[in-house]
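Student: Sharing a structure, written as structure tokens. Questions coming.
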Amino acid sequence: MTPYEQFKKECVEEIDIQGADAELKKASQDWMDLVNRKKYSYHFEWLGRPIIQYPQDIVAMQELLWEIKPDLIIETGIAHGGSLIFYASMLELLVQCGEIEHGEVVGVDIEIRPHNRQAIEAHPMSKRISMLEGSSIDASIVAQIKAKAVGKKRVLVTLDSNHTHDHVYNELLSYADLVTVGSYCVVFDTVIEDMPDDMFGNRPWGKGNNPKTAVELFLKNRNDFEIDDRVTNKLLVSVAPKGFLRRTR
């Protein structure tokens with residue numbers, strides 16, 4: 001065993017212990033409940049664009065992208081475009097390092113506001129980005145994304161648009177089959193199920209109606225995906241508990 005392999009082995013053991021610590025996990029959730037009321041995730045940028053993600057999840061995605069080396073990333077939900085820029089920059093690094101030959105990020109949103117589209121298209125990483133405007137579960141949008149996946153070696157999907165149960169479940173039905181074996185479908189904001197009832201105001205989602213409930217239903221009907229708890233056991237702070245779904249076959 002190399003020193004690096006020994007180090008990784010120790011990390012795995014420590015992460016398992018950390019993930020089993022109920023007091024530590026509760027403290028992490030309590031902290032998230034407090035900072036979410038301050039719009040904590042809105043205050044970070046990636047290469048000049050608001051990313052609206054927790055830094056911990058950004059790091060986790062970086063690790064997955066290096067491990068998987070996808071040549072296509074599909075993201076539902078664009079907002080200001082920070083996540084698109086992040087994924088594109090990671091693919092650019094993978095190309096420059098010789099890990100992949102090419103890479104593309106496809107983003108879809110029900111509404112891409114003109115000022116956001118302009119900023120994304122003006123960014124140096126736009127060369128690896130394409131955007132589609134429309135519902136991520138509309139048949140024509142799904143067909144266009146499936147066409148982009150043809151011939152790709154490794155595909156990773158992230159779902160971060162409308163957070164209602166029905167919408168996310170239909171996204172899973174639409175895009176899960178595009179995920180290649182060993183890659184992930186990452187379902188963001190499953191944490192909604194774990195937060196207080198009054199956290200989301202007039203939003204159409206909440207306890208019992210959110211991405212986590214959609215994941216639970218999806219996994220009841222599929223045996224080719226599994227929840228990778230080690231990701232969130234390592235992070236402790238994540239908007240995607242039970243949301244890192246790894247395709248096993």
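Only the coordinates and a few stated rules stand behind these numbers; no lab work does. Predicted, not measured: the structure shown is a model, and the values here were computed from it. Glycine also receives a Cβ, built like all others from the backbone with ideal geometry; neighbour counts cover every protein chain displayed.
Student: If contacts are Cα pairs under 8 angstrom and at least 6 residues apart, what is the relative contact order of the chain in percent?
Tutor: 19
Student: Given Pro3, Ala22, Leu34, which one lies farthest toward the positive end of the charge dipole of region 1-43, if we put +1 on the Cβ of every Lys and Arg and -1 on the Cβ of every Asp and Glu?
Tutor: Farthest towards the positive pole: Leu34.
Student: Sticking with this one: Rounded, prolate or oblate for region 41-183? Axes are the square roots of the Cα gyration tensor eigenvalues, ordered a ≥ b ≥ c, and the cut-off for rounded is a/c under 1.5.
Tutor: Taking the square roots of the gyration eigenvalues as a ≥ b ≥ c, region 41-183 is rounded.
Student: Quote the charge dipole size of region 21-103 about the Cα centre in Debye, to the nearest 20; the model charges only the Cβ of Lys and Arg (+1) and of Asp and Glu (-1).
Tutor: Dipole about the Cα centre, nearest 20: 460 debye.
Student: Here is a follow-up. Subtracting the Cα-Cα distance from 0.36 nm times the residue separation, let me have the gained length for Gln18 to Asn221 in nm, one decimal.
Tutor: This chain segment gains 70.1 nm when fully extended.
Student: Under the classification rounded if a/c is under 1.5, otherwise prolate if a/b is larger than b/c and oblate if not, where does region 190-249 fall, given a ≥ b ≥ c as square roots of the Cα gyration tensor eigenvalues?
Tutor: Oblate, since a/c reaches 1.5 and b/c is not below a/b.
Student: Please name which of Asn162, Asn116, Thr213 has its Cα lying farthest along the dipole of the chain towards the positive end, using unit charges on Cβ (Lys, Arg +1; Asp, Glu -1) and the Cα centre as origin.
Tutor: Going by the charge dipole, the pick is Asn116.
Student: Please report the net charge: other residues with Cβ closer than 12 Å to the Cβ of Ile145, K and R +1, D and E -1.
Tutor: -2
Student: With 10 angstrom as the radius, rank Arg49, Arg203, Arg230 by how many other C-beta atoms surround their C-beta, starting from the fewest.
Tutor: Fewest to most other Cβ atoms nearby, the residues stand as Arg203, Arg230, Arg49.
Student: Quick check: from the Cα gyration tensor, does the chain come out rounded (a/c under 1.5), prolate or oblate?
Tutor: rounded
Student: Relative to the present Cα-Cα distance, how much length would full extension add between Lys9 and Asp30 at 0.36 nm per residue of separation?
Tutor: 4.6 nm
Student: So, one more: What number, rounded to the nearest 500 deg cm²/dmol, is the helix-based mean residue ellipticity at 222 nm of the chain, given -39500 (n - 2.57) per DSSP H run of at least four residues and division by all its residues?
Tutor: -13500 deg cm²/dmol
Student: For Lys25, Lys242, what's the fewest-to-most ordering of other Cβ within 10 Å of each Cβ?
Tutor: The most exposed by this proxy come first: Lys25, Lys242.
Student: What aspartates and glutamates sit close enough to Lys242 to cross-link, taking a C-alpha to C-alpha distance under 14 Å and skipping anything fewer than 8 places away on the same chain?
Tutor: Answer for Lys242, where 14 Å is the Cα cut-off: Asp57, Asp189, Glu193, Asp194, Glu216, Glu226, Asp228, Asp229, listed by chain and number.
Student: Under a point-charge model restricted to the Cβ atoms of Lys and Arg (+1) and Asp and Glu (-1), what is the dipole moment magnitude of the chain relative to its Cα centre, in debye to the nearest 20?
Tutor: Using Cβ point charges on Lys, Arg, Asp and Glu, the chain gives about 460 debye.
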